[in-house]
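Remarks on the structure that follows.
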């Protein structure tokens, strides 16, 4: 009975039912087997290294250290795998150069976005654009970074203040709190759109609240009420932010600015608008503004200062004639 599978000399090509398979030789079969073994080996190695890191960091909540450890493992294992893969399949330098040329040309044509995303990954790491745990805005998405991969970044989305509620995509949460959606953004967006980092170098923001009062109200007492409330609730933030802003001044050419709350006046046709400006952390803004709003209302009530609202004053009415007819 003839053999179904044969090894045809001199190059050891594989033949099935007398049909020689192009490019499939005993040598290539062995290389394929070694490649599968290499993949399994490095997969197991990656799992073991990550489990070891988690074991060594047990009880710690340092997300950034865990992130950088995982990135170092991923990059090292990937480079070692590529080295092993090249060593198995390209034992001839001439074949290696030809193969790399073909692969490079194919990637440049068919996987432009993927290559750009991978390049963006290394720029994110090297350029210190953002890290896991940072609050950013990139590609039209606002939120906290929860993962950075070779080709994409994963963000826990947050809502938007009313002033930007019309932005795309639409939001139903009218504050900078989590919406519950996890958004994936390709890393190539860093080349196309600005990246706003709320917490990287200076984890504080300046916020403003607007309070309208009538022109007849005691504006000085209203201003002092706003200042007292803002100072009382931001004193610890000011103390911590002072060190951060001094570090910013040392590292970058920026003009020093005060962190203490300040009230600004704005004249309108209907009322006097008081704007209190204060510093706050990049997280927990809604809770802070809620506390300020409650205390400001209570302080204005104690001072008997009303809040202004849109009113219409009628200065004159046309004559009205009323005719009453006797019922029949």
- Task: Considering each of 164, 182 in turn, give the residue that is at pLDDT 75 or above, out of contact with any helix residue (DSSP H, G or I) (no Cβ under 9 Å at 6 or more places or on another chain) and within 13 Å of residue 141 (Cα to Cα).
- Result: 182
- Would a scan of segment 204-214 turn up a residue that is surrounded by 14 or more Cβ atoms within 10 Å (Cβ to Cβ), in contact with a strand residue (DSSP E or B) (Cβ under 9 Å, 6 or more places away or on another chain), in a helix (DSSP H, G or I) and at pLDDT below 90? no
- residue 80: at pLDDT below 80, out of contact with any helix residue (DSSP H, G or I) (no Cβ under 6 Å at 6 or more places or on another chain) and surrounded by 10 or more Cβ atoms within 10 Å (Cβ to Cβ), yes or no? no
- Query: Which residues, counting only those in segment 44-71, are more than 22 Å from residue 134 (Cβ to Cβ) and modelled with pLDDT under 75?
  - Reply: 58, 59
- Being under 8 Å from the mean Cα position of the chain (by Cα) and touching a residue at least 40 places away in the same chain (Cβ under 8 Å) is the filter here, so list the residues in segment 143-155 that pass it. 143
- Query: In the set 21, 38, 111, 33, which member is at pLDDT 65 or above, over 37 Å from the mean Cα position of the chain (by Cα) and farther than 23 Å from residue 145 by Cβ?
  - Reply: 33
- So, of the residues in segment 238-270 that are modelled with pLDDT of 80 or more and over 30 Å from residue 310 (Cα atoms), which turns out to be surrounded by the most Cβ atoms within 10 Å (Cβ to Cβ)? 259
- Which residues, taken from segment 215-237, are buried (at least 17 other Cβ atoms within 10 Å of the Cβ), in contact (Cβ under 8 Å) with a residue 60 or more places away in the chain and within 18 Å of residue 260 (Cα to Cα)? 222, 225, 226, 229, 230, 233
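The values are calculated or read from the model by the stated rules, or taken from the named source; none is laboratory data. Keep in mind that this is a model prediction, so the values were computed, not measured. Cβ coordinates were reconstructed from backbone atoms using ideal geometry, including for glycine residues, and neighbour counts include every protein chain displayed.
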